[in-house]
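Here's the structure, in structure tokens; my notes come after.
Derivation of every value follows stated rules applied to the coordinates shown; laboratory data play no part. None of these values were measured; they are calculated from a predicted model. When we count neighbours, we look across all protein chains shown, and the Cβ atoms used for this are built from the backbone with ideal geometry, even at glycine.
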Amino acid sequence: MTKKQVLRLIGLCYGIVLMWNLGFAIYDAAADAIARATGTLQTRTLDFTDFETFQMTIESPTRAVTAGSDPQLILRTPGTRVVGAAFTIHFSEDPGEVTLYYAQEGEEFSSEKKIWGKPKNDGSYVFTLPRTRIDTLRVDPTNQPGLTMELESFTLNGARDFLSYFSFTYEDLFFFLICPGMAAAALAYVLERISARKSRT
Amino acid sequence: MTGFLQTMASFLALCAISALVARHTRLPAALAPLPVCCGAMVWLVVAGYCGVLLPAAVLLMAAGAASLVFLLASARRGGFRKLLSPGFVLFCAAGAAFILLFAVRKPMAQGWDEFSLWATAVKLTREHHVIYSAAPIGWPWVGTQKAGLPTFSYFFTLLGSYEVWRVYAAYAVLLCAVWAAVLGTLSWKHWKLAVPGAVVMFLLPYFTVYQRDIYCNFTYLSTYGDIPMGILCGGALAWYFHAATLRRQPADGALCRVPGLGLTQSFAPLKHLPAALRARLFAHSGEAGRIPLWPLALMTAAITLCKDTGLPLALIVAGVAFMDLLLCGGETKEQSPWRARIWLPKAGLFVLWAAGAGVLFLASGRYISSLGVAQGSVSTTGSGAQVSQGAMLIEGMKLLLGIAPGDIGAQFADKFAAIRDEMVSLFLPGELHQITIVGCGLFVMLFVWAVLALGALLCDNRMQRRSMALYGVLSTMGFFAYYIFIGFTYVFVFKGEGVAAMRDYNRYINTYYVMWVCGAFALLLLAAAQGSRWRSFVSWVAACGLGALGGVLLLSAGGASRRVLVAALVLLCAAGAAVALRKRLSGWQDCLTPAVLMLAALFLVRFTQLVQPQLSVIDYPDVVYNEARQIEQRAQAVRAQLAPDDTVYYVNSTDDGLGWFRYSYELLPQILAYSGGGGNFADVVRARGTEGADTAAHRSLEEFAAAVSLCDYLLLDETLPAFWEGYGDLFADGGAAFLSGETMLYRVELRETPQYEPVTRDDVIAPDGKEIDADGRIKDIGDGLPKAQKREKLLDAQTVLTLVPVEMEVPAA
């Protein structure tokens, strides 16, 4: 292959993966919009009383105190398809690890289906869930005992900015760098071999 | 941003020197960064031993700046195309990317040994501009570990202030130099090998992950020296294999061979030297002469400076390189390698490589010994060594061979037998014996052999095949030698009865496994770059076999989107192989390329199986550093209250030692006194008065007061009620300020009579006749006294130690 062809091939592989990702983002945005229009995807606002709790004392719908190092808020049968969750909780101390588990009916929670929360600048946590069937959610809002939590808001399937469908993580960037490059190398190898074969025959 | 630019300045200095070396010598560009980085490490450590670390570091930085200026000033002469090799570009790009990532994310130290040694050592070096062993720290510092990695990291913190992410960046740059060496002589026409090669090298440190991580994996986010040393050893081997291959390759060979500008062409004054002298001095520069192999001595020296176990590894590297040079040197059949004219120069090179390691090892020992005499606090034979290394080897070999041991060996006979049995058992498959991504030690050996066998099976170059076979044999012998050496250290150096002495087994052994795989992979890449030998069905079966293995492993990979991507990749490779088989191709060369691609895919799949990328250096959540950040903030608040020469006593009732190490690290250059090693104070009431007890928990009130009196402040971290029951009388406020969260710090004062009125921050009540300080405090009669005299004063029946709360802003928990 000539240098120009190689560059084209590499560009093509990166382009295809980029388009693939962009296509999926657009598909997700469109699917959510349609689901909202048809009512299968609803925005729900929750408070502490909507959850089963573990190692936690509910003092009011918006106030709770943790009673152990593994407090949990469990939501079964959310009543809608779940594609995202967001909450703002004011903690009396640094909450430590904030995580969210998701599972299908009858399935145990596992670290394989766990998302680690990253606080935004305003202190809220936003979780984007995979597009799979989700019947149960579990939020571990902290790993600190004796901590008071004031719930400002907890929203399932909150309205999303269209551009948010196109946001990427460091992990996405890593795989975007590696996979198309590897694919281009493999593809170039195959094309070169086919081309060499043809020229011999 | 400032930290990023300051770290980049150090990196650019190394890049510029590497570029200069590559441009003006015959060394391929990708082979320049590793000797330059190792040379920088050796230069700084030697300068540190001579007490001129700071000038040496400044000189190195200046050399980098001068190189850059020279390169730019002489840009018209060209020679830059040579720098655009895959390896050199990868070194520059990946190094800059790591620095940028760490500057943005700012990871923090979190491992035990980071606080007890590695990160603390760099911080000490940075604060005092001396080798860390010579820096004041105020506790029985086990400063006998080699100073290579901390001192190399110091160069990356030279500008600006110390931050641990800059140390991680230094480690990453060293690893990137190894990546460049592994890609070595590959040119852009080998890009299909360079891409998977870079992927494998990035993932190589994860070779030591042995189970599914559900917590954050700190590979690349740690200052531990084991993995970097292993990869550096592998890099040295890779560097040698590329250089040696290029030496024996004809001018029109497959590998990258771009001549440099030559020193005599570039530096005008050199042209005036007599021609004979010029040829002798600069035979290795520019177009004349062959690729020089002496820089391997810099690498063996750097390996020795990484850790105490570096010397045997460096000697193994030198031994493998020497035997390869001797038996695969590229001589014709008529030139027997055993002729003196052939082997003598090679033996000379081996002596040079071994001397590089040996001299630095001895120099390090002498330096530490000199400190031991001066400070009286460090061992001269290694960390906690019970016998010298020579005696260890002799007695150990006697025990191993069943010869009657001497007096020293006889003491360890039972322990030797227990550890020998355990180490044999751990090498073989068994429950809990899995220590790498491919399993136990035996599987690692099989994996390395499989990679080498595949390369040797398919490689088109006779000498390369011989080189791979030789590496298989020698590296296996080296492994058993190293394994036995580690066993000896468990028997003779590590404390503890029987197998209880076998701490961190996988960490120490994994160093060799990483080196082993790295060397094998470098040879596979070289073989692939030189083309395939067999053009038959067998070649393809071998390549497809590796692909099938990747496919099988793929079945259990986690993460749907990733699985789809990797599946597509493997299928693509498999499709290529299938096309080949279907058409019964008989003339296809380059069948090692899919093997390398499959290997990279296999690594990627195993990586995604065992490590969650969002819990690794790629995308870790900030919350993993919450605790570290909190302690850092608290330590900063404490430091704000201290004068430069103040020492602090640390109390934590629930500490196992880690808390003390953390505060010791965070408070530097302020001195946190030994404080009983951070032991807990929980059972003080029960243990009070226990005779002979020397831990913090067993101190009486008087002993505790005497220990605290040597310090200026008392730092309270965590306390239990028993602590207040035992020592509450010493506190002017009974501990109220600490318990209410107003302070963590108490000032140590000596007073003439006990039990003053409680002293508060705002209202100091002075008993009649007592002298008042200028700041309104009751005068501390120990003020201005040397600490030893202060303690003597305390023993006077008329004085008592009192702890006065210090007003400070305590960061929220």
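Some observations on this one:
- Site pair residue A:173 and residue B:434 shows an inter-label distance of 3.3 nm when each label is modelled 7 Å from Cα along Cα→Cβ.
- Anisotropy class of segment B:425-494 from Cα gyration tensor, a/c 1.5 cut: oblate
- In this rough spin-label picture, where each label sits 7 Å from Cα along the Cβ direction, the residue A:26-residue B:706 distance is 8.1 nm.
- The stretch between residue A:97 and residue A:52, if pulled fully straight at 0.36 nm per residue, gains 14.2 nm over its current Cα-Cα span.
- Segments B:523-531, B:387-395 sorted - mean Cβ within 10 Å per residue, highest first: B:523-531, B:387-395
- When the Cα atoms of segment B:32-101 are aligned to their principal axes, the ranges along those axes come out at 40, 30, 21 Å in descending order.
- For the pair residue A:12 and residue B:66, label points projected 7 Å from Cα toward Cβ lie 5.1 nm apart.
- Averaged over peptide A:172-184, the number of partner chain Cβ atoms lying within 10 Å of each residue's Cβ comes to 6.
- For chain A: rounded, prolate or oblate by the Cα gyration tensor [a/c cutoff 1.5]: prolate
- Amide H to amide H, with H built 1.01 Å from N, residue B:440 comes under 5 Å of B:435, counting only residues 5 or more places away or on other chains.
- Full extension of the chain segment joining residue A:166 with residue A:80 gains 28.6 nm, where the gain is 0.36 nm per residue of separation less the Cα-Cα distance.
- Extension gain, residue B:50-residue B:391: 0.36 nm per intervening residue step, less the Cα-Cα distance, totals 119.8 nm.
- 21 Å Cα-Cα threshold exceeded, pairs from B:146/B:398; B:82/B:192; A:118/B:106; B:146/B:415: B:146/B:398; B:146/B:415
- Backbone geometry of segment A:95-101 corresponds, through the Karplus equation with coefficients 6.51, -1.76 and 1.60 at θ = phi - 60°, to 3J(HN,Hα) couplings of x, x, 7, 10, 9, 9, 10 Hz, x marking Gly and Pro.
- With R₀ set to 35 Å, the beta-carbon distance separating residue A:38 from residue A:148 gives a calculated FRET efficiency near 0.30.
- Partner shielding of B:616-622 amounts to 5, given as the average count of beta-carbon atoms from other chains within 10 Å of each residue beta-carbon.
- Shown here are the Rg and Dmax of the Cα trace of segment B:173-239, at 13.2, 41 Å.
- Cβ-Cβ FRET estimate between residue B:338 and residue B:359, R0 fixed at 35 Å, reported to 0.05: 0.75
- Estimated vicinal HN-Hα couplings, Hz - segment B:110-119 in sequence order (Karplus 6.51, -1.76, 1.60; Gly, Pro = x): 8, x, 4, 5, 5, 6, 7, 8, 5, 6
- Across segment B:604-613, computed HN-Hα scalar couplings (Karplus, 6.51 cos²θ - 1.76 cosθ + 1.60, θ = phi - 60°) run 5, 5, 4, 4, 6, 6, 9, 10, 8, x Hz from first to last residue, x flagging Gly and Pro.
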